[in-house]
1. Given a 1.4 Å probe and every protein chain left where it sits, what share in percent of the accessible area of the chain is carbon and sulfur?
2. For region 305-377, which GluC sites (Glu not before Pro) pass both filters: DSSP loop (anything but H, G, I, E, B) and at most 15 other C-beta atoms within 10 Å?
3. List the residues, sorted by chain then number, that are 5 or more residues from Ile79 or on another chain and whose placed amide H is less than 5 Å from its amide H.
4. Would you list the P(r) distribution for region 212-275, with all Cα-Cα distances sorted into 5 Å bins from 0 and each bin expressed as a whole %?
5. Using mean Cβ contacts within 10 Å as the protection proxy, how do 349-355, 34-40 order, highest first?
6. Just need the Rg to Rh number for the chain, please, alpha carbons only, Kirkwood Rh.
7. Roughly what % of DSSP beta bridges within the chain run antiparallel, to the nearest 5?
8. As a quick test, which of the pairs Lys133/Lys172; Lys76/Lys170; Lys130/Lys170; Lys289/Lys319; Lys6/Lys392 have an alpha carbon distance above 18 angstrom in this structure?
Amino acid sequence: MSAMSKEETEALIAEVLEVYPEKAKKDREKHLAVNDQGVESSNKCITSNRKSLPGVMTIRGCAYAGSKGVVWGPIKDMIHISHGPVGCGQYSRAGRRNYYIGTTGVNTFVTMNFTSDFQEKDIVFGGDKKLDKMITEIDGLFPLNKGVTIQSECPIGLIGDDIEAVAKKKSKELDKTVVPVRCEGFRGVSQSLGHHIANDSVRDWVLGARDADNSFETTPYDVSIIGDYNIGGDAWSSRTLLEEMGLRVVAQWSGDGSLSEIELTPKVKLNLLHCYRSMNYISRHMEEKYGIPWVEYNFFGPTKIAESLRNIASHFDDKIKEGAERVIERYKSEYEAVIAKYRPRLEGKRVMLYVGGLRPRHVIGAYEDLGMEVVGTGYEFGHNDDYDRTIKEMGNATLLYDDVTGLEFEEFVKKIKPDLIGSGIKEKYIFQKMGIPFRQMHSWDYSGPYHGYDGFAIFARDMDMTLNNPCWSMLKAPWKQESTEAKAVAASA
């Protein structure tokens with residue numbers, strides 16, 4: 001349970017909202033809420049997936065970021081063209097630590113930047129011919145690529161480049177998969193629509209390619225990992241547990257994923273969905289078209305890992321159920337040793353989270369396994385079905401915030417005084433300058449993996465290393481230092 005009462009949390013929200021003009025205040029109060037496990041649906045307490053207020057600092061990304069940066073970008077043996085000015089492609093490359101196996105520039109291309117580098121003349125005359133020529137050159141320079149995606153940036157939608165026609169033409173010429181993705185950044189509310197658009201392009205241009213191919217030998221234990229982006233090796237850590245319990249992982253995407261794996265996914269018996277927000281669309285499609293059930297899983301912390309392994313095993317026979325129990329027992333001494341070492345150092349510490357995707361709810365159990373308490377959480381681009389899942393994970397009266405502004409987040413932190421903040425790179429240096437321990441929870445602050453039992457040991461170490469670092473007591477926010485210096489000058493005068 002939270003240290004704050006419902007009334008105190010409501011008062012905090014009201015206090016923070018006072019700074020806004022009346023119209024902005026009325027809008028923002030819909031996105032801030034006190035958690036209540038008794039509500040039937042989150043839309044009765046919090047609004048989400050709405051456009052951000054102009055002039056108010058938002059931490060969201062765009063539709064291009066959701067498609068190229070999340071869903072398509074980690075597919076390792078395809079080349080992903082950022083069709084438009086150079087900036088978007090450069091900003092989106094090599095930032096998320098999507099680990100992969102292969103030789104970069106030969107048969108894998110994840111960390112490379114391929115851009116059509118739009119100039120003013122391209123805006124005026126169009127970029128179709130340039131894109132056509134570029135795809136031909138790419139295939140000559142990198143012949144081992146398995147296909148190409150065209151990730152359209154904002155100008156493409158504005159000038160009307162026909163990327164679908166180019167894709168069809170080049171696919172026929174090269175006899176390779178070429179996928180046009182209408183993910184112009186201005187589309188939709190946030191990067192969330194980019195996820196959906198990317199899922200639809202997988203459905204329309206890739207997924208059925210091997211439906212009639214019976215050469216692939218299936219087994220009763222075939223599964224796929226969907227929506228794990230292999231940040232710091234997460235998907236590898238998860239895959240180890242699944243294979244140890246007797247399942248065969250036919251496909252994992254996008255992290256360390258390949259085009260062939262996507263094409264084979266319709267042949268599995270169960271889809272295992274890690275990031276619900278980014279990949280539930282394609283999972284639902286495969287359930288409707290191919291009859292493949294899907295199940296969400298959470299491999300953060302031993303409690304949730306055990307729950308997920310048993311839930312996954314329930315879809316199979318006794319062999320897999322016994323395998324799940326065997327895996328849980330095998331790692332018991334390992335995770336108990338981790339808890340014994342770190343829980344005394346972390347017990348009772350309070351955490352505030354603000355991340356994207358699944359992390360605002362999935363990591364709660366891992367913190368609780370270490371005796372820590374999550375006292376506030378929220379999503380950058382969550383929908384109400386994300387909050388439906390979050391309400392039950394959070395204690396009553398804890399703080400929920402959707403698309404939180406920079407002002408709101410800072411003020412909440414000042415009042416609640418958490419021991420640790422887990423958020424993104426845009427917030428990291430603000431709170432570090434305030435002397436508050438911080439972990440970058442989008443890409444694990446250059447650490448990881450955090451999934452699985454091995455990942456839990458790294459997670460616990462990182463939280464302890466961050467929170468109990470003596471440097472925090474030596475830091476003072478620059479604006480507080482200036483205030484102290486000004487008072488000293490005034491006193492001497």
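1. 53
2. Values: sites: Glu307, Glu322, Glu325, Glu329, Glu334, Glu336, Glu347, Glu368, Glu373; in loops: Glu347.
Passing both the DSSP loop test and the Cβ count: Glu347.
3. It is Lys146, Gly147, Val148, Thr149, by chain and number.
4. 4, 19, 31, 26, 14, 5, 1, 0
5. Numbers: 349-355: 22.7, 34-40: 15.1.
Going by the mean number of other Cβ atoms within 10 Å, highest first, we get 349-355, 34-40.
6. On the way: Rg = 23.8 Å, Rh = 24.0 Å.
Result for the chain is an Rg/Rh of 0.99.
7. Numbers: 4 of 43 bridges.
Here the antiparallel bridges make up roughly 10 percent for the chain.
8. Details: Lys133/Lys172 14 Å; Lys76/Lys170 20 Å; Lys130/Lys170 13 Å; Lys289/Lys319 28 Å; Lys6/Lys392 16 Å.
Cα-Cα > 18 Å for Lys76/Lys170; Lys289/Lys319; rest within.
The values are calculated or read from the model by the stated rules, or taken from the named source; none is laboratory data. None of the values given here were measured: they were computed from a predicted structure. For neighbour counting, all protein chains shown are included, and Cβ atoms are generated from backbone atoms with ideal geometry for every residue, glycine included. Remember, those area values only see protein heavy atoms, side chains included, never the ligands or the DNA or RNA. Shrake-Rupley method; radii C 1.70, N 1.55, O 1.52, S 1.80 Å.
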